[in-house]
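All remarks here apply to the structure that follows.
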Amino acid sequence: MRAPAIPALFDRVPAALFSPLASPHASIYWDVLARFYQFEFEREPLFLVRETALGLAEQALRESSAFAERREELLALDGDLGAAPAPMDEPALVRAAAARLLFRLERAGWYQFEYRSAVGHVLAFHPYAARLLDTLVRVARDEQPLFQGFAHSIAALLKPESVGARPGVALREAKRHTLGMMRELKILERNIYSFTRRLLDQAASAAEILEEGLERYRGAVMANYHRLKTVDNLYKWRGDILVRLDAVERDPLVLGGAARWYAEQDGIDLAAAAAGVADDLGLLRAEFEALPRIIDDIDMRNARFSGVALRKLMYLVRHDKRMEGQLQLLVDRLARDRAPELLLDAYVCELLGDGFLYTAPRRRARPERQPLARKARRDVDELRQDLAPRLKRPFSRPRVDGFVANWLAGRAHVAMTEFPLASDEDYVRAIYLCAFGLDGASPFRFERIASTADAVKKGAYAIPAGTVARRRK
């Protein structure tokens, strides 16, 4: 399956959009944009008028150390803004710098000011800028995703009631959440690798290792990893989701509804839409079948990080003259091309003879992953023929009436001593026969012998003694 080509980015956004965040004053521009984002999207639904935006920019400048150090550069000559301002007092200087910041961000394409008769000029982010800012704010906050939320959303979207009501929407959203979940899993695996590299290359003391392993690693990785292995364990969702995908693939009504929605949403013909639905279902299945491999990689890298942290910590704590410590120090220095002059004490070991009982540890073979077996499709008529008898009540009144008619075989009455009583099924049928023969609603009647001591016993079973007779019309 070939993924569709990604359109050119700068056909959608201005080419100069990222220039403020790539300039020497990027921290100031980011601070201003973040304040605007908070005011616009994380507070009460109020308008951000020009005066308020200018005040937020002034506040950002006053709190910025970069502005105090490089204010001349911010107020430097700009061809689009005219000459540099004349000498002025501090408040006017800050206000002029804030006005220039606002103009440069607007010119770069982050927002525009719209005039509204009731409030005046209002700041409005462009759609692409608002989405980019949302992503950048989450990155700045180091927000970690909830894997349980991804899996729960996918499973809920693939429920029969969800797929049956809105098949196209459910499938498209399930695909989006699946790709997001797999992306975050891969990010988690790469994040563990980057922490391991920093631990090897940068941590030079026991304190730095503890800070990296206990503080930063726990916040950025272990919280997510712990949830992934406990409450957010994806294996408990995986089988259910694959079963639901099977059900979707076998339902022509759902596939047809999804294809029609795809065709209407994407503006394509029905055949191409049906192919798109099939591709999305195949992608969902492939992603969930690859889930064990990705989680295995995460487990291996987490174990490697723990091992590296422990070994390096033990080396730094036990930095002594023993052979182990000296060799580890030598390897560490050689890796940095700073090998010291070392005096190593070597000893002869006379314990390793032919009868030595030590055996080297062997690496245990990893179990092979087995794909989930897909059930073969069965014919609908065959299923109906198989299930219909089992759905009927085996001891319903019509069935018991039919049994009694066959049992009597033209006779007017028959004694219960002749009743076939060889199994649990016969015993339960006898109970129903007695009950139906006493209530007067069946074409036969059960006449019980008055003495309770007289009972028909056959093996482990005992039923009331009496006779079964045809009911007079």
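The values are calculated or read from the model by the stated rules, or taken from the named source; none is laboratory data. Predicted, not measured: the structure shown is a model, and the values here were computed from it. Backbone-built Cβ (ideal geometry, glycine too); neighbour counts: all protein chains shown.
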- Message: Would you confirm whether or not the stretch 219-242 contains a residue that is assigned by TED's automatic domain parsing to the domain that holds Val163, free of Cβ contacts under 8 Å to residues at least 40 places away in the same chain, more than 18 Å from Thr178 (Cα to Cα) and touching a helix residue (DSSP H, G or I) at 6+ places or on another chain (Cβ under 8 Å)?
- Response: no
- Query: Hey, any hits in the stretch 183-198 for a residue that's at pLDDT 85 or above, under 26 Å from Val380 (Cβ atoms) and buried (at least 20 other Cβ atoms within 10 Å of the Cβ)?
  - Reply: no
- Note on the structure: (1) on the phi > 0 side of the Ramachandran plot; (2) surrounded by fewer than 16 Cβ atoms within 10 Å (Cβ to Cβ); (3) modelled with pLDDT of 90 or more all hold for Gly109 apart from (2)
- Message: Against the conditions (1) under 30 Å from Thr467 (Cβ atoms); (2) at pLDDT below 75, where does Phe403 fall short? Just the number, please.
- Response: (2)
- Message: So, in the stretch 199-233, how many residues would count as being under 27 Å from the mean Cα position of the chain (by Cα) and either among the hydroxyl-bearing types (Ser, Thr, Tyr) or modelled with pLDDT of 80 or more (or both)?
- Response: 3
- Leading residue by the ranking (surrounded by the fewest Cβ atoms within 10 Å (Cβ to Cβ)) among those in the stretch 1-54 that are in contact (Cβ under 8 Å) with a residue 40 or more places away in the chain and within 30 Å of Ala272 (Cα to Cα): Met1
- Residue that is farthest from Val32 (Cα to Cα) [pool: residues in the stretch 86-137 that are assigned to a strand (DSSP E or B) and hydroxyl-bearing (Ser, Thr, Tyr)]: Tyr115
- Query: From the list Glu350, Glu324, which one is modelled with pLDDT under 70, surrounded by fewer than 10 Cβ atoms within 10 Å (Cβ to Cβ), more than 30 Å from Val221 (Cα to Cα) and of a type outside the set (A, V, I, L, M)?
  - Reply: Glu350
- Have a look at Leu146, Leu158, Leu93 and point out the one that is over 22 Å from Asn224 (Cα atoms), at pLDDT below 90 and surrounded by fewer than 18 Cβ atoms within 10 Å (Cβ to Cβ). Leu93
- Query: Within the stretch 1-50, which residues are closer than 30 Å to Asp280 by Cβ and in a loop (DSSP other than H, G, I, E, B)?
  - Reply: Met1, Arg2, Ala3, Pro4, Ala5, Ile6, Pro7, Ala8, Arg12, Val13
- For Val428, the lone unmet condition from (1) of a type in the set (Val, Ile, Thr); (2) more than 17 Å from Thr467 (Cβ to Cβ); (3) at pLDDT below 90 is (3)
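Among the candidates Arg378, Arg369, single out the residue that is in contact (Cβ under 8 Å) with a residue 60 or more places away in the chain and closer than 30 Å to Glu249 by Cβ.
Within the list Arg378, Arg369, the selection yields Arg369.
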- Query: Inside the stretch 281-298, can you point out the residues that are surrounded by 15 or more Cβ atoms within 10 Å (Cβ to Cβ) and closer than 30 Å to Ile192 by Cα?
  - Reply: Leu283, Leu284, Arg285, Glu287, Phe288, Leu291, Pro292, Ile294, Ile295, Asp297, Ile298
- Tell me, which residue of the stretch 245-257 that is in contact with a Lys or Arg (Cβ under 7 Å, 6 or more places away or on another chain) and in a helix (DSSP H, G or I) is farthest from Ile294 (Cα to Cα)? Asp246
